[in-house]
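Structure record follows, encoded as structure tokens.
The values are calculated or read from the model by the stated rules, or taken from the named source; none is laboratory data. A quick note: this is a predicted structure, and the numbers were derived from the prediction, not measured. When we count neighbours, we look across all protein chains shown, and the Cβ atoms used for this are built from the backbone with ideal geometry, even at glycine. SASA here: full protein model, heavy atoms, side chains in, ligands and nucleic acids out. Shrake-Rupley method; radii C 1.70, N 1.55, O 1.52, S 1.80 Å.
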Amino acid sequence: MFVRFEAHRYSDRCCPTTQTPARGTRTLMTTTHADYRLSQLDQLEAESIHIFREVAAEFEKPVLMFSGGKDSIVMLRLAEKAFFPAKIPFPVLQIDTGLDFPEVLTTRDNWVNRLGVRLVVASIDDAIANGVVVDDGKTSRNRMQTATLLNAIEENGFTAAFGGGRRDEEKARAKERVYSHRDEFGQWDPKMQRPELWSLYNGRIHAGEHMRIFPISNWTELDVWDYLGREGIEIPDIYFSHQRRVFVRDGMLMSETPLNPLREGEVVEERTVRFRTCGDITLTGCVESTASTIPEIIDEVAIATLTERGATRGDDRFSEAAMEDRKKEGYF
Amino acid sequence: MNAETTTDGRSTNMDLLRFATAGSVDDGKSTLIGRLLLDSKSIFADQLEAVEATSVSKGYDYTDLALLTDGLRSEREQGITIDVAYRYFATPNRKFIIADTPGHVQYTRNMVTGASTADLGLVLVDARQGLTEQSRRHAVILSLLRVPHLVLAVNKMDLVDYSQEVYDKIHQEFTQFATKLNIPDLEVIPISALAGDNVVNRSDNMSWYLGPTLMHHLEHVHVASDRDLVDVRFPVQYVVRPKSDEHHDYRGYGGMVAGGVLKPGDEVVVLPSGMTSKIAGIDLFDQEISEAFPPMSVTVRLEDDVDVSRGDMIARVKNAPVPSQDIDAMVCWMTTTPLKPRQKLAIKHTTRTARALVKDIQYRLDVNTLHRDQETKELGVNEIGRVQLRTTVPLLCDPYSQNRTTGSFILIDEATGITVGAGMINSGS
């Protein structure tokens, strides 16, 4: 069954063995790599760090899009590691929808202060006030978020914007490149994507265009939780089980908040819940859960039967191609 | 985490296998991927329901699992896969990344893309039809891209009465064909993706087959030793200089190890300058580590204050690539305007970008027959050929057969900025 056409190139040479640690080192990794194997989480981390460094080296003005959610926290952690002991050499951009969870904003501020990175906040309300975005009463905040983001990128002259998108999230994302080109209108053209081979990324853009960069493309939801657990880093409290006043809308459990007035027939009750994603408070649902630690969340994710977006994101439910359509316009 | 396994039974020391699949719906590729995802519980209920609903609305009398992977609107409308799709699943000991590529000849570039990062290639054949031009082409591309492990899955065995004779014939024919290729490890597995024979569970219908099931093979194929652990290659990607009071004199070179094992104290040479120094330390975030090997991303510090910048390469004094401006390579052309001699392009090799002039196109390789066409003096889209390039600065390269990182490059059209070619170096001189 097993046909070997060519002897392995190094099979006749001596195999590397575990080395004694060099003297004078500060700390040494606790794991030994007797067989020179990297765990899959270490491989994902190495790939992502490579992407961060590549962008920092080749782009004039990168920025990291930071929502305060778990995926953007993983990104910030990877960026911290990529440039340590130097500071992260680019700012962090947050789109203030006015509908963010307060717990998420607290976590954002803690991270930004600890790392000493510059925070750029682009607010939808400011964009409306300045006439950049028109609030016609019909367009959702979610769509206005895209216009606000594109305006912030243009105004600041950002040439590359890191996003926390993962390919396992949604099937349009499954086909998106790590370096995803955006034209001068911020649009994504799925049919004109550049081939992406090996670890050779092509960052060429023309004036006015920019590149979206997805350094955690190959991570799954479970990888993100494994990594957060391993790193022991701060994430917003709303990911953990808590008591919350909620009501049911479109089959999802939504938070009671003055920002999201109740419709006829909707009844508020207190339940034990947690959030699987952090988005717009009026569109992001929670799930009933008693998971109050990361290992408990991992257990829950491992047996979950619904995708995190399908389960709790109103913004992806509008049509089968909801994500693709929004991405074409310039969404995250 | 100190525990060997997490609470849900997965190993914390899980490793990773990247594999590329090629083929069309006719070969049962989507059914196979769907089955791997289903049986490893990697499809969520809402994804399956969406696919079932779409299948019903299209009037199919079966659930079309291809709809799971055809993610773009135009693909669903046309009922074809256009692009490389990445899929993920995991078993307790291994995570898998599937690069799922369309199999038709006009999508060769997508298959090349998917194969470029793959540890293993999965080629499907229909047992009723045996080897086709398409399956041969897939094997040729996987071999050109030096994907070290190949699985030939002989599918639809249920439709040939699980006949050993049919399997043996295909196995023999393929083995003979493969002698012309570079395939270090081949496994030929008889399966039925639809019925589930030998995919995850061993088939009762083919007791004559003594080899592994597909899933067992994917889980156990040894990939760690495919990496070059002998020839040290460290392309410098980014110079880390904190310029802070705390780390005033820190100067480190960030990069991903492309080959060999680096250790503090090693004598190294920096190319292309040729300056030598010793490794003072290797940092992984806030830890200092005793060795670095592929594909780790680390920061290397040197003992001497030598001039090192992005695009340079750190290697061992007696084992370093030869800087070269004349490159002989196999190039896969990826854009509709053909590649012609005298053309000038941008070239990106490891962390070094330069310009390249096409000096000659020696031949076009027919990926179906391996015939070398020396008459054509250009390469069209999805064609592969042997090309001579002259670069503006020396590249620090190895043959692709020795190192897939230092032996590969991409070509970029300087006007449009688009990636137009992918190259695998035969040699530099």
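What spacing in nm lies between the two simple spin-label points modelled at B:HIS220 and A:GLU296, each 7 Å away from Cα in the Cβ direction?
Between B:HIS220 and A:GLU296, the simple spin-label model gives 3.9 nm.
Using helices alone, I'd like the mean residue ellipticity at 222 nm for chain B: each DSSP H run of four-plus residues gives -39500 (n - 2.57), total over residue count, nearest 500.
The helix-only estimate for chain B comes to -5000 deg cm²/dmol at 222 nm.
Which cross-chain or sequence-distant (5 or more) residues have an amide H under 5 Å from the amide H of B:LEU395, H modelled 1.01 Å from N in plane?
For B:LEU395, whose amide H was placed from the backbone, the distant partners under 5 Å are B:SER324, B:GLN325.
Given springs between every Cα pair under 10 Å in a Gaussian network model of chain B, which of B:THR350, B:THR376, B:THR213 has the largest fluctuation?
Ranking B:THR350, B:THR376, B:THR213 by mean-square fluctuation puts B:THR376 first.
Hey, which aspartates and glutamates would be in cross-link range of B:LYS318, C-alpha to C-alpha under 14 Å, not counting anything within fewer than 8 residues on its own chain?
B:ASP231, B:ASP266, B:GLU267
Could you run the Karplus curve 6.51 cos²θ - 1.76 cosθ + 1.60 with θ = phi - 60° over segment A:82-97 and give me ³J(HN,Hα) per residue in whole Hz, x for Gly and Pro?
Those phi angles translate into 5, 10, 4, x, 6, 6, 4, x, 8, x, 10, 10, 10, 8, 8, 7 Hz.
Along the principal axes of its C-alpha atoms, what lengths does chain B span, in descending order and rounded to whole Å?
69, 63, 42
Give a residue-ordered list of calculated ³J(HN,Hα) values for segment B:233-247 (Karplus: 6.51 cos²θ - 1.76 cosθ + 1.60, θ = phi - 60°; whole Hz; x for Gly, Pro).
Karplus-based 3J(HN,Hα) across segment B:233-247 equals 9, 10, x, 6, 9, 7, 8, 8, 9, x, 6, 10, 4, 5, 10 Hz.
If you take the beta carbon distance between A:VAL267 and B:GLU49 as r and set R0 to 25 Å, what does 1/(1 + (r/R0)^6) give as a FRET efficiency, to the nearest 0.05? Show your work: numbers first, answer last.
On the way: r = 27 Å, r/R0 = 1.09.
My answer for the efficiency is 0.40.
Using the 2.2 N^0.38 Å rule of thumb for compact globular proteins, work out how the protein assembly as shown stacks up: its C-alpha Rg over that value, please.
Working: Rg = 26.0 Å, N = 761, 2.2 N^0.38 = 27.4 Å.
Compactness ratio reported: 0.95.
With springs connecting C-alpha atoms under 10 Å apart, model chain B as a Gaussian network and identify which of B:LEU210, B:LEU271, B:LEU150 has the largest mean-square fluctuation.
With Cα springs under 10 Å in chain B, the top fluctuation among B:LEU210, B:LEU271, B:LEU150 is at B:LEU210.
When the chain is fully extended, how far beyond the present Cα-Cα distance does B:ASN426 get from B:ASP204, taking 0.36 nm per residue of separation? Intermediate values should be presented prior to the final figure.
Numbers: separation 222, 0.36 × 222 = 79.92 nm, distance 4.64 nm.
Extra length available between B:ASN426 and B:ASP204 comes to 75.3 nm.
With each label point set 7 Å from Cα along the Cα-Cβ vector, what nm distance links B:VAL317 and A:ASN110?
Reported label-point gap for B:VAL317 and A:ASN110 is 5.1 nm.
Kirkwood Rh over alpha-carbon pairs of segment A:187-237, then Stokes-Einstein at 25 °C and 0.890 mPa s: what D in µm² s⁻¹, rounded to an integer?
Numbers: Rh = 14.3 Å.
Rounded to a whole number, D works out at 171 µm²/s.
For segment B:156-264, state which chymotrypsin sites (Phe, Trp or Tyr not before Pro) are in a DSSP loop and have at most 13 other beta carbons lying within 10 Å of their beta carbon.
B:TRP208
Restricting the calculation to Cα positions, tell me the Rg (one decimal) and the Dmax (whole number) of segment B:233-316 in Å.
11.6, 34
Quick check: pseudo-label points 7 Å beyond the Cα along Cα→Cβ at B:GLU375 and B:VAL393, how many nm apart are they?
Once both label points are built, they end up 4.3 nm from each other.
List the residues whose amide H sits under 5 Å from the amide H of B:LEU302, counting only those 5 or more places along or on another chain, with H placed 1.01 Å from N in the peptide plane.
B:ALA280
Per the Kirkwood treatment, what hydrodynamic radius in Å, one decimal, follows for segment B:15-226 from the mean inverse distance over all distinct Cα pairs?
17.3
Among residues other than B:MET206 whose Cβ falls under 14 Å from its Cβ, what is the net charge (Lys/Arg +1, Asp/Glu -1)?
Local net charge: -4.
Please pull out the direction-averaged projected area of segment A:72-167, using the convex hull of its alpha-carbon atoms, in nm² to one decimal place.
That works out to 7.2 nm².
Give the residue list of GluC sites (Glu not before Pro) in segment A:101-203 that are DSSP loop and have at most 15 other beta-carbon atoms within 10 angstrom.
Here the sparse-neighbourhood loop sites are A:GLU184.
Output the relative contact order of segment A:72-230, whole-number percent, from Cα pairs under 8 angstrom with separation of 6+ residues.
Here the relative contact order equals 22 percent.
Could you order B:LYS344, B:LYS243, A:LYS81, B:LYS278 by accessible surface area, starting with the largest, using a probe radius of 1.4 Å?
Result of the area sort, largest leading: B:LYS243, B:LYS344, B:LYS278, A:LYS81.
Computed on alpha carbon atoms, what radius of gyration and Dmax characterise segment A:149-262, expressed in Å?
So, for segment A:149-262, Rg and Dmax equal 18.4, 51 Å respectively.
Of B:GLU375, B:GLU267, B:GLU383, which is the most mobile in a GNM of chain B whose springs link Cα atoms less than 10 angstrom apart?
Looking only at B:GLU375, B:GLU267, B:GLU383, the biggest GNM fluctuation is shown by B:GLU375.
Based on the Cβ-Cβ distance of B:ASP161 and B:ASP249, what FRET efficiency does E = 1/(1 + (r/R0)^6) give at R0 = 60 Å, to the nearest 0.05?
The computed FRET efficiency comes out at 0.20.
Show me the three semi-axes of the equivalent ellipsoid for segment B:269-339, from the C-alpha gyration tensor (sqrt of 5 times each eigenvalue), largest first, rounded to whole Å. Intermediate values should be presented prior to the final figure.
Working: eigenvalues 197, 63, 24 Å².
The answer is 31, 18, 11 Å, longest axis first.
Where the convex hull is taken over the Cα atoms of segment B:323-428, what is its projected area averaged over directions, in nm²?
For the Cα atoms of segment B:323-428, the hull's average projected area reads 6.1 nm².
Just to verify a number: what accessible area does A:ARG114 come out at with the full protein assembly present, 1.4 Å probe, Å² rounded to tens?
My reading of the accessible area for A:ARG114 is about 130 Å².
Work out from phi, with θ = phi - 60° and the Karplus expression 6.51 cos²θ - 1.76 cosθ + 1.60, the ³J(HN,Hα) of each residue of segment B:345-353, listed in order in whole Hz, and give x for Gly and Pro.
Using θ = phi - 60°, the values come out as 9, 8, 10, 10, 10, 6, 9, 10, 10 Hz.
Using amide H atoms built 1.01 Å from N in the peptide plane, name the residues 5+ places from B:VAL236, or on other chains, whose amide H lies under 5 Å from its own.
Result for B:VAL236 returns B:GLY311, B:ASP312, B:MET313, B:ILE314.
Test of understanding: what is the full-extension gain from A:GLU288 to A:PHE185, defined as 0.36 nm times their sequence separation minus their Cα-Cα distance?
33.0 nm
So what is the relative contact order of chain B, in percent, for Cα pairs below 8 Å that sit 6 or more residues apart? Walk me through the numbers on the way to the answer.
Working: 961 pairs, mean separation 49.4, N = 429.
This gives 12 percent for chain B.
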